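Worksheet for the structure shown next.
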Number of protein chains: 4
Amino acid sequence: MTDQPVTDTGVRDAIARLRVEVAALHAELPANDLVVWTAGNVSARVPGADLLVIKPSGVRYDELTPEAMVVCDFDGQLVQGERAPSSDTAAHAYVYRHLPEVGGVVHTHSTYATAWAARREPIPCVLTMMADEFGGDIPVGPFAVIGDDSIGRGLVETLAGTRSRAVLMANHGPFTVGPTAKAAVKSAVMCEEVARTVHIARQLGEPTPIEPALIDSLHDRYQNVYGQR
Amino acid sequence: MTDQPVTDTGVRDAIARLRVEVAALHAELPANDLVVWTAGNVSARVPGADLLVIKPSGVRYDELTPEAMVVCDFDGQLVQGERAPSSDTAAHAYVYRHLPEVGGVVHTHSTYATAWAARREPIPCVLTMMADEFGGDIPVGPFAVIGDDSIGRGLVETLAGTRSRAVLMANHGPFTVGPTAKAAVKSAVMCEEVARTVHIARQLGEPTPIEPALIDSLHDRYQNVYGQR
Amino acid sequence: MTDQPVTDTGVRDAIARLRVEVAALHAELPANDLVVWTAGNVSARVPGADLLVIKPSGVRYDELTPEAMVVCDFDGQLVQGERAPSSDTAAHAYVYRHLPEVGGVVHTHSTYATAWAARREPIPCVLTMMADEFGGDIPVGPFAVIGDDSIGRGLVETLAGTRSRAVLMANHGPFTVGPTAKAAVKSAVMCEEVARTVHIARQLGEPTPIEPALIDSLHDRYQNVYGQR
Amino acid sequence: MTDQPVTDTGVRDAIARLRVEVAALHAELPANDLVVWTAGNVSARVPGADLLVIKPSGVRYDELTPEAMVVCDFDGQLVQGERAPSSDTAAHAYVYRHLPEVGGVVHTHSTYATAWAARREPIPCVLTMMADEFGGDIPVGPFAVIGDDSIGRGLVETLAGTRSRAVLMANHGPFTVGPTAKAAVKSAVMCEEVARTVHIARQLGEPTPIEPALIDSLHDRYQNVYGQR
């Protein structure tokens, strides 16, 4: 696999920067208990090019240096890198091709989110932090097998009908998107946390729902006021 | 945001000391698995002034140096610091304004306590360590949206009817108070531990209640005899 | 609190050795997720004397140096040390006074064991590792308040009717004993692990019991053959 | 126990290499929360000889250096090493003797897998990652006592009827096999993760099954396409 030359200097610099960023973000997956062994991946869109930076396939998290990251085009084909790209690359690429506002995609099999996915049951919005981050229920996407466009298509179709940045792919696990790879990682962390908290709440009875108008107001404030300006 | 001058030397020294203490106490939140990402905050009352030291908004725990802490007045307005204060500052300030015995406030979304809060169900006092620390059930506060006095008011009203230093705000999460910020952090740790233990006990049947007179006697001993004099 | 002179050289050496050992064993409690904050303690009998080495009261685990440990007599009175002994010292002392074969005692509020204790329900022996270590069910001791002999008496009476080295004190938490403090710590770790595994097994149905004769044979082999001779 | 001379240079080199590898793989067991105290072991077949490298009995994970590993023959007898071999050595040896394609064996008491084993209930294949790694349900093996061939025989008989590399021995815990010790450790990690995820999914309802033809296709792709070629 020989690397293809990237002639645009801005794109070259962006790739170099995103290799560092995406490698560092992969460390958040085990640090936040979202993955075991090699089962999870983060990607970032390269600004100004139809390219993405992603984890190589089947490589453990402690070997994920910036140099180990691979660059693919939006057909999932390898453009730079010594190793085969993640087997989920086609799904990431499909999302970038169809949703120009997405700058980062994360996929894990985090335990509680995957448990909801195994029952194909959306996570109901019964926590203020869930209203903040997801603006409502976290929806379930279709069952789709790996190896063609079906995961990517299922994600894009499910995201079209929701404010949620997370989708639970049926019997499979969560995917999250965001304006940046870091935002998508944050959503993956929050998705697992709300999946776990609502699961535990439901074990001993029914959580009290939050009124839709209050969900709207919490979501609006969090997306527009929270954090540093 | 330019800093307002603090002219009293004693208050200046207290702020310097509390910046170090509150920054260090924030490290206890992830160390005790009470928070994910940036979702939790600790504050301390500044002795001799209507001021509090608190975490800036949306900043991750590993960036929380003493210098990063911010100082606010009891209307929640920034007095010292380069960053916007935690979006929960108004609730902390309301508690200090109305409860002069409170020297520290902690807010988290710790998983098991938040699960009880999602069902708006108090945690029953069925453990000796719960009698020790909380002197009875941990009560539920009202549903309140962020951004005005309603969280602070709900906390103060709920604390008025209980010996518990912890309150579960409905669909939101726990707040704890204490004579110092460290004591409030300890209560946050114990609140999550009893929320978890009683949840697990309840999953397979009904825990045996402890008689109220024994709860009183355990609480009295722990508050007055336990630890170093 | 001035130290009482220990004139016997052998006893002095044993105390010095046990201070190091007991301090190190306390680190196993948080490392094995058996305690939060300061809620747990380990003690060791001093060979050749009616003395025990134990943790001081209300001190955090990272401050537990050998020098911080305290020495008490079998009435629970402080003999050596600068700090008040653990508030559970009377219970430890009672056990040493009545059970000469016991060389170490551990008390925790580990989550799953405490959950069984809150329901006052023994843990049924449905795992080979439970037969190995405990030789049968883990029994429940009486409800007892701290501050007099009642916890110690409840422990000794419950241990008299079982092969188990662990007892779940009602609404309180587990105590374990062993020929050494290290063995008692191991039993505390195994007690929590079997409490957790059997809890999880029971959540989705009834575990299959193990025949009493097979429990006997597993226990006998493990106590007599396992490990290094 | 004096060491028996190994005269074949290739075998000697293989043993030296496997001592390092097996010692390092034992560190994965606590790192992946599969074991407490000393309860778990990894072995590797020595290529070109009827020998295996395994953990000594009752030794803690932080003392497991390459030199501490022991070498046994396929009757479970010690060939090299200063300590008694793991009490599970007979089971490992039986598997190597009867299944020439197996290069590594792992045994743990990991919590969720052991909970399924306590109910003697196979884990149903309702997750894509379970289809990937195990190709179907994870089966239950018979109840067998330690000390003779019955565990090894139960393993070999159960493995004969399944594509799964994991078997849950009744009331005991999981065993996994693989072409290498590393692959068997990976299966042990994945076995616990799917045991946990499916348990959690089942707590709130029934997971949706995956069609057998889709399980076949996922398993085939993962075994033949995933990872680096």
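For region A:100-215, what is the charge dipole size about the Cα centre, in debye to the nearest 20, if Lys and Arg each add +1 at the Cβ and Asp and Glu each add -1 at the Cβ?
Taking the Cα centre of region A:100-215 as origin, the dipole is about 180 debye.
Quick one: compute the contact order of region C:55-214, relative version, from alpha carbon pairs under 8 angstrom and 6+ residues apart, as a percent. Mind dumping the intermediate values first?
Values: 289 pairs, mean separation 38.3, N = 160.
Worked out over region C:55-214, it gives 24 percent.
Classify region A:131-226: rounded, prolate or oblate, from the alpha-carbon gyration tensor (a ≥ b ≥ c, eigenvalue square roots; a/c under 1.5 rounded; otherwise prolate if a/b is larger than b/c)? Mind dumping the intermediate values first?
On the way: a/c = 1.90, a/b = 1.33, b/c = 1.43.
Because a/c hits 1.5 or more and a/b fails to exceed b/c, region A:131-226 counts as oblate.
Only counting protein heavy atoms at a 1.4 Å probe, give the residues of region B:28-50, ordered by number, whose accessible area falls by 50 Å² or more when the other protein chains are present relative to the chain alone.
In region B:28-50, residues shielded by partner chains: B:36, B:37.
Shape verdict for the protein assembly as shown, please, from the Cα gyration tensor: rounded (a/c under 1.5), prolate (a/b greater than b/c) or oblate. Working shown, then result.
On the way: a/c = 1.65, a/b = 1.00, b/c = 1.65.
In terms of gyration-tensor shape, oblate.
Using a cut-off of 14 Å between beta-carbons, work out the net charge of the residues near residue D:65 (Lys and Arg +1, Asp and Glu -1, residue D:65 not included).
-1
How much mean residue ellipticity at 222 nm does chain C get from its helices, if each DSSP H run of length 4 or more adds -39500 (n - 2.57) and you divide by all residues, to the nearest 500 deg cm²/dmol?
Only helices count here, giving -13500 deg cm²/dmol.
Among D:160, D:125, D:179, pick out the residue whose Cα is farthest towards the positive end of the charge dipole of region D:42-185, where Lys and Arg carry +1 and Asp and Glu carry -1 on C-beta, about the Cα centre.
Working it through, the farthest residue towards the positive pole turns out to be D:125.
Above 30 Å lies some portion of the pair distances; for region D:2-222, what is it as a whole percent of all C-alpha pairs?
Values: 5159 of 24310 pairs.
Of all Cα-Cα distances in region D:2-222, 21 percent exceed 30 Å.
Put a point 7 Å out from Cα along the line to Cβ at residue C:12; what are the distances to that point in the other copies, in nm, shortest first?
5.4, 5.4, 7.6
On a 30 Å Cα-Cα criterion, which of the cross-link pairs B:182/C:186; B:186/C:182; A:186/B:55; A:186/B:186; A:182/B:186 come out too long? Show your work: numbers first, answer last.
Details: B:182/C:186 32 Å; B:186/C:182 28 Å; A:186/B:55 19 Å; A:186/B:186 27 Å; A:182/B:186 32 Å.
Pairs exceeding 30 Å: B:182/C:186; A:182/B:186.
Helix C:9-31 versus the longest principal axis of chain C: what is the Cα-based angle in degrees, 0 to 90, to the nearest 10?
Between helix and principal axis, roughly 50 degrees.
Treating the angle as unsigned and between 0 and 90°, give the value, to the nearest 10°, between the Cα long axis of helix A:181-203 and the longest Cα principal axis of chain A.
Approximately 30 degrees, to the nearest 10.
Just the number, please: buried accessible area between C and D, total of both chains, 1.4 angstrom probe, nearest 100 square angstrom. Let's see the in-between values first.
Details: alone 11020 and 11030 Å², together 19380 Å².
So the total buried area for this chain pair works out to about 2700 Å².
Indicate the residues belonging to region A:129-149 that lose 40 Å² or more of solvent-accessible heavy-atom surface (probe 1.4 Å) upon moving from the chain alone to the assembly of all protein chains, ignoring ligands and nucleic acids.
Going by heavy-atom accessible area, the residues of region A:129-149 that drop by at least 40 Å² are A:129, A:143, A:145, A:146.
Give me the percent of accessible area attributable to carbon and sulfur for region A:116-157, probe 1.4 angstrom. Don't skip to the answer; put the middle values down first.
Values: 580 of 1210 Å².
Heavy-atom surface of region A:116-157 belonging to carbon and sulfur, 1.4 Å probe: 48 percent.
Report the charge-dipole magnitude of the protein assembly as shown in Debye, nearest 20, computed about the Cα centre from +1 at each Lys and Arg Cβ and -1 at each Asp and Glu Cβ.
Details: 76 positive and 112 negative charges, 22 e Å.
Taking the Cα centre of the protein assembly as shown as origin, the dipole is about 100 debye.
Compute the signed sum of charges (Lys and Arg +1, Asp and Glu -1) over the other residues within less than 15 Å, Cβ to Cβ, of residue D:183. Walk me through the intermediate numbers first.
Values: positive: A:60, D:45, D:163, D:165, D:182, D:186; negative: D:21, D:28, D:101, D:132, D:133.
Charge balance in the 15 Å sphere: +1.
Calculate how steeply helix A:150-160 sits against the longest principal axis of the alpha-carbon atoms of chain A, using the helix alpha-carbon long axis, and give the answer as 0 to 90 degrees to the nearest 10.
Helix A:150-160 and the main axis of chain A meet at about 50 degrees.
Could you give, in nm with one decimal, how far residue C:220 is from each other copy of that position, shortest first, with labels 7 Å out from Cα toward Cβ?
Ordered by distance, the counterparts are at 5.4, 5.4, 7.6 nm.
Note the distances from residue D:33 to each other copy's matching label point, with points 7 Å along the Cα-to-beta-carbon direction, in nm, sorted shortest first.
Those label-point separations list as 0.4, 0.4, 0.6 nm.
Give me the dipole magnitude in Debye, nearest 20, for chain B about the Cα centre, with unit charges on the beta carbon: positive for Lys and Arg, negative for Asp and Glu. Numbers along the way, then the final one.
On the way: 19 positive and 28 negative charges, 41 e Å.
That gives chain B a dipole magnitude of about 200 debye.
Rolling a 1.4 angstrom probe over the protein heavy atoms, how many square angstrom per residue are accessible across the protein assembly as shown? Write out the running numbers ahead of the final one.
Working: 33460 Å² over 916 residues.
About 37 Å² of surface per residue is accessible.
The values are calculated or read from the model by the stated rules, or taken from the named source; none is laboratory data. Quick caveat: nothing in here was measured; it's all calculated off a predicted structure. No Cβ is skipped: glycine too gets one built from the backbone with ideal geometry, and neighbour counts run over all protein chains shown. All accessible areas refer to the heavy atoms of the entire protein, side chains included, with ligands and DNA or RNA removed. Shrake-Rupley method; radii C 1.70, N 1.55, O 1.52, S 1.80 Å.
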